[in-house]
Amino acid sequence: IEVVSTFMGAHALPEEYKNKREEYLEKIVDLLPIIKERNLAEFFDVFCEEGVFSNEESRRLYSEAKKYGFKLRIHADEIVNTKGAELAVEFEMNSADHLMAISDEGIEALKNSKTIANLLPGTSFSLGKAYAPARKMIESGVQVALSTDYNPGSCPTENLQLIMQIAALKLKMKPKEIFKAVTINAAKSIGREKRIGSIEEGKKADFVVFDAKNIEYILYHFGISHTKKVFKNGCLVYKKVGG
């Protein structure tokens, strides 16, 4: 497994800093050079959301992170619209995650940028919330990726195939759009598109063989794994029993 690390100290305000907001923001800024020096994270991320970190606070943190050469991504417009998508474009971020509450202006900004809209439909499914407007984004020209958002609080699943199936059923994404979202667009969202994400000469041979007659069936027959074989760096690392 190749791990791409992100420093997200600005995900929530710790209990001990409830009345010391400014002090916590300064602490995050102070940690940036240490994390960079020790090579602990490649990306920097902020949860830009009402009641968490404001657009202004996020802008301040991203400005500092950019000074140290961090690549940037953002948790944006998940519950209410905070113009997080527009902030992502302004800072030329690799990705903006969630986007369930994105505005038409946010979509307009994203379509003219290289920022990937990383949608997390498993979170909407788990919390019973609205889904991101994937069809409007795609038809506007926004590049869309899909991820599990695996975490114990709002989306406790590691099953990417289930996420793909939810994207088909709830986001109304088409099969080819879904496979593009979990391959080359996902690679773009972490700055790896030049070596993974598509089957091309010169790229790593990272690919999956599915036990299905066509890509539609993988999305139609939901809730199970259709994986037959997994190759990493050209080596067989998983084979289905009897497959």
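Every number in this text was worked out from the coordinates using simple rules, so none of it is lab data. Remember, it's a predicted structure, so these values are computed and weren't measured experimentally. Cβ sites come from the backbone with ideal geometry, for glycine too, and all protein chains shown count toward neighbours.
Remarks
- Residue 192 passes every criterion in (1) surrounded by 13 or more Cβ atoms within 10 Å (Cβ to Cβ); (2) farther than 24 Å from residue 41 by Cβ apart from (2).
- Against the test of being over 18 Å from residue 87 (Cβ atoms), out of contact with any His (no Cβ under 9 Å at 6 or more places or on another chain) and in a helix (DSSP H, G or I), the options 28, 35 yield a single qualifying residue, 35.
- Flag for residue 146 being closer than 24 Å to residue 210 by Cβ, surrounded by fewer than 20 Cβ atoms within 10 Å (Cβ to Cβ) and hydrophobic (A, V, I, L, M, F, W, C): no
- Here the stretch 102-113 is the region considered, the condition is being in contact with a strand residue (DSSP E or B) (Cβ under 9 Å, 6 or more places away or on another chain) and under 20 Å from residue 50 (Cα atoms), and the residue that is surrounded by the fewest Cβ atoms within 10 Å (Cβ to Cβ) is 107.
- Of the criteria (1) in contact with an Asp or Glu (Cβ under 9 Å, 6 or more places away or on another chain); (2) part of a loop (DSSP other than H, G, I, E, B); (3) of a type in the set (Asp, Glu), which one residue 86 fails: (2)
- Taking every residue in the stretch 204-221 that is in a loop (DSSP other than H, G, I, E, B) and pairing it with any residue that is among the aromatic types (Phe, Trp, Tyr), at least 6 positions away or on another chain, the pairs with Cβ-Cβ distances below 6 Å are 205/231.
- Taking the criterion of being touching a Ser or Thr at 6+ places or on another chain (Cβ under 6 Å) and either assigned to a loop (DSSP other than H, G, I, E, B) or buried (at least 22 other Cβ atoms within 10 Å of the Cβ) (or both), the residues of the stretch 114-143 that qualify are 116, 118, 120, 122, 123, 131.
- Residues that are over 22 Å from the mean Cα position of the chain (by Cα) and under 24 Å from residue 97 (Cα atoms) were ranked within the stretch 29-50; the one that is surrounded by the fewest Cβ atoms within 10 Å (Cβ to Cβ) is 31.
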